[in-house]
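What follows is a short report on a single structure.
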Amino acid sequence: MHRPVVTRLAQYGGQALAELPPPYLAPSLHFTMTRTQSSNFSTTPVVAGRGRDLNRTRGVSAIHRTGPRFKLNVSKYPLPKPVAPGSLPARNNNPEHGLWGFFPPSREALSTPEFDLEFGRSWAITELRDKSWEDIHSLWWVCVKERNRIATTNVERERLKAGYGDHEAGKRDQAVFVTMQNIKHVLRERWHAWEEAQRLYDQGSRPAYEEVDYMESTESVVTEDKPVAEEKTTKA
């Protein structure tokens, strides 16, 4: 008799297979209790050996903090040594340094509310129309530096939690901001005027020609200079 059949007969009291329930009702009685794996987990042959690893950077990882397999020599480049603050030479402060322009006249970190309130009105558009390009350019950067100074003071005041000066600094900043907006308005007017003049020139429009009598203008110049010449002759 087959060995698995003998094992099942001994386990279930010597009952024959005919006495067992059908396989679809008790399939475990018709198979062995232990089943072996039909295939290996790995498909690599057991006798296959690992060859030589030719990757020199194998295992080097900045994430896992693993370095190379060989030691590195750093003696070629000496490490810098920190300098003690007491050994540094004293620096002379320049009272005319340009960075002092970003501080109040007192050259302190915070400006007083009295200083922030001492300002005039904003530049009007009618006043800026009479200014040259150089004057408007200089005034623009003066406003930029002033707003930078106010913003720096506000950040320092918030860091120190001073609790004062916000209202006065805001009023001063608003006046400077209005001046900058008026400068932009005047520059836009000049830009539109230049575009209009360029358009008229492209259409063939030219200024009206005025004939000038050069002989008459020359005689008037000589007549005006004659008394001066006579005066010089008399003195001589």
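Bear in mind that the values in this text are calculations on the coordinates, not laboratory data. Note that the coordinates shown come from a computational prediction; the quantities given were computed from them, not determined experimentally. Cβ sites come from the backbone with ideal geometry, for glycine too, and all protein chains shown count toward neighbours.
Structure notes:
- Test: L110 is touching a Lys or Arg at 6+ places or on another chain (Cβ under 7 Å), within 20 Å of E156 (Cβ to Cβ) and not hydroxyl-bearing (S, T, Y): yes
- Among the residues of the range 175-188, some residue qualifies, meaning at least one is assigned to a helix (DSSP H, G or I), touching a helix residue (DSSP H, G or I) at 6+ places or on another chain (Cβ under 6 Å) and closer than 30 Å to N94 by Cα.
- Odd one out for W123, checked against (1) of a type outside the set (D, E, K, R); (2) without any contact (Cβ under 8 Å) to a residue 40 or more places away in the chain; (3) not in a helix (DSSP H, G or I): (2)
- Extreme residue, nearest to R129 (Cα to Cα), among residues of the range 174-194 that are touching a residue at least 24 places away in the same chain (Cβ under 8 Å) and aliphatic (A, V, I, L, M): V186
- Any hit, the range 81-88, residues being among the polar types (S, T, N, Q) and either assigned to a loop (DSSP other than H, G, I, E, B) or under 33 Å from the mean Cα position of the chain (by Cα) (or both): no
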